[in-house]
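Asker: Sharing a structure, written as structure tokens. Questions coming.
The values are calculated or read from the model by the stated rules, or taken from the named source; none is laboratory data. Worth saying up front: this structure is predicted, and the values here are computed from it rather than measured. Note that we place each Cβ from the backbone using ideal geometry, even for glycine, and neighbour counts take in every protein chain shown. Accessible surface is based on the protein model in full, side chains and every heavy atom, while ligands, DNA and RNA are left aside. Shrake-Rupley method; radii C 1.70, N 1.55, O 1.52, S 1.80 Å.
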Amino acid sequence: MTPVDDVIKASYFATAVLFIAGLRSMSSPATARRGIIWAGVGMTVAALATFFTPGMHHIPLMIGAIAVGMGLAQWSGRRVPMTAMPQMIALFNGMGGGAAAAIAAVELIKGGSAAAHHPVDVAILAVVGALIGAVSFGGSLIAFAKLQGLIKRVLSFPGQNLVDLVVLAVAVAGGVLVVLGETGAATHYGTPLVLGFIGVALLFGVLMTLPIGGADMPVVISLYNALTGLAVAFEGYVLGNPAMIIAGMVVGAAGTMLTQLMARAMNRSLANVLFSGFGATPAASGAASGSARPIEAGDAAIMLAYADKVIVAPGYGMAVAQAQHKVWELAQLLIDRGVQVKFAIHPVAGRMPGHMNVLLAEAGVPYDYIYDLDDINPEFATADAALVIGANDTVNLSARTDPGSPIYGMPILDVGKADNVVVIKRGAGVGFAGVENPLFFEDNVRMLYGDGQEAVAELIRGVKNA
Ligand code: NAP
């Protein structure tokens, strides 16, 4: 082994450490920014080290491709609004899967000449990586199109799951033929078979994602993220690149855990998310009925201003209304008056993991005001008021009381245990799960109807006058 090999190996090791440390830091909002920088440095080290790999050629082409990619990423990263982050992640993630499939295609097409045949383990991993990467690429493009509003309808037809299975079987059969050809056990059909097999895998990703409702896309994106990681790890093995293997496994593991956490927090199985079409059409409303009692902003403001302890529970509606800055302004006013204010974050509030944390951080809410579901739930009983803003499913009592409810069993924020509850929403709209919320008819609950941002602005005026 030459000294250059040693330096490259050491660089890849440093990359792996930076990736893992970076990921660790991303587990808390307080250190997440640092984690992203570490991971970025790790990626830079790996990319630079790769240039020194013996036998590396087409250097100007590589630099050109990296410059174009970086330019596009910088441009789109700066322009994208926070609410469009899920689709941007879908797109970038899909690119990773596509890149893994492209690497596999190049390696497998190269293997067409007898001299360049791959050993059987390499051929299998290249093919499996190509399959997974292509599925992730195709699926992520559809997820992007749905979240971006480019595909508005849920496209499904009878027997769709069967058709999907057949397409998958064709892709797998193609993959087996490629492996047999690669290892010299059968004819190598060359480029057409490799590209055809990858094309069918891509089609499977597209078909599998089309019937899934737009609101379930975050779970699906997280799943494709995990698959992309796996595909990259497999192709890392094919190329003998340890940095790719480690980065891919880390992404694969993190994505798998995130997918499971999100599905569990919604009390759904992954299979239910993928194959039931839930969220595609509004679910039947639950049996809850009653009359919700409205409250004037001035009265709600007085209730908050003279409280000792207020817990704010934000949800998707806060994101839609972009009310986070106003919510923090209101909280600061209350804190200045001596009110103890805490923010309660449900794990699936909003439409992407950490959605509320991101919005509150953007508004400047310090992390020590923000509490997870398990930590805050025992505190509602000691709060004078809970202020629910644009949250519905995450505070829906039917998750506790109605076994027929699609969200039955999902843990919820115990806002109803506060002495008084003020719910800000525009009208009688249901949440993502499409079910009525019995909380709104409880005796201690009052509805402050209006757009989230305007309603909070009125509360601010009211507290100032109190
Ligand atoms: P939600 O159940 O979707 O309810 C949002 C509520 O906000 C609606 O009832 C709506 O009522 C109100 N709203 C909408 N726009 C508003 C505006 N401009 N101003 C004020 N209110 C507004 O929200 P959630 O409680 O956050 O629950 C999240 C749901 O999404 C859960 O079911 C979760 O499982 C699902 N989900 C989450 C993720 C994730 O990663 N976080 C991923 C996939 C699915 P009006 O129309 O009456 O205003």
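Asker: Is it fair to say A297 is within 16 Å of the ligand (Cβ to nearest atom), under 20 Å from D451 (Cα atoms) and crowded, with 17+ Cβ neighbours inside 10 Å?
Answerer: Yes; evaluated as a whole, the condition is true for this residue.
Asker: Continuing with this model, one more query. So Q324 fits all but one of (1) more than 33 Å from the chain's Cα centre (by Cα); (2) within 16 Å of the ligand (Cβ to nearest atom); (3) of a type outside the set (A, V, I, L, M, F, W, C); what number is the exception?
Answerer: Exception for Q324: condition (1).
Asker: Of the conditions (1) under 23 Å from G240 (Cβ atoms); (2) in a helix (DSSP H, G or I), H118 satisfies every one except a single condition; which number is it?
Answerer: Result: H118 passes all but (2).
Asker: Would you point out which residue out of L227, L207, L195 is in a helix (DSSP H, G or I), modelled with pLDDT of 90 or more, open to solvent by 60 Å² or more (accessible area, probe 1.4 Å) and away from the ligand (no atom under 15 Å from the Cβ)?
Answerer: L195
Quick grid of which residues meet (1) over 11 Å from the mean Cα position of the chain (by Cα); (2) open to solvent by 20 Å² or more (accessible area, probe 1.4 Å); (3) over 26 Å from L373 (Cα atoms); (4) away from the ligand (no atom under 16 Å from the Cβ):
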residue	(1), (2), (3), (4)
M217	no, no, no, no
I221	no, no, no, no
G236	yes, no, yes, yes
A263	yes, no, no, no
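Asker: Just the residues that are among the aromatic types (F, W, Y) and either at pLDDT 95 or above or open to solvent by 60 Å² or more (accessible area, probe 1.4 Å) (or both), please, taken from the range 1-50.
Answerer: Matches in the range 1-50: F13, W38.
Asker: Now for a different question. Would you list the helices (runs of 4 or more DSSP H) that sit entirely within the range 347-466 and hold 3 or more residues that are more than 13 Å from the ligand (Cβ to nearest atom) and either modelled with pLDDT of 95 or more or surrounded by fewer than 22 Cβ atoms within 10 Å (Cβ to Cβ) (or both)?
Answerer: 355-363, 373-376, 452-465
Asker: Check the range 95-103 and report whether any residue there is over 24 Å from A231 (Cβ atoms) and either of a type in the set (A, V, I, L, M) or in contact (Cβ under 8 Å) with a residue 60 or more places away in the chain (or both).
Answerer: No.
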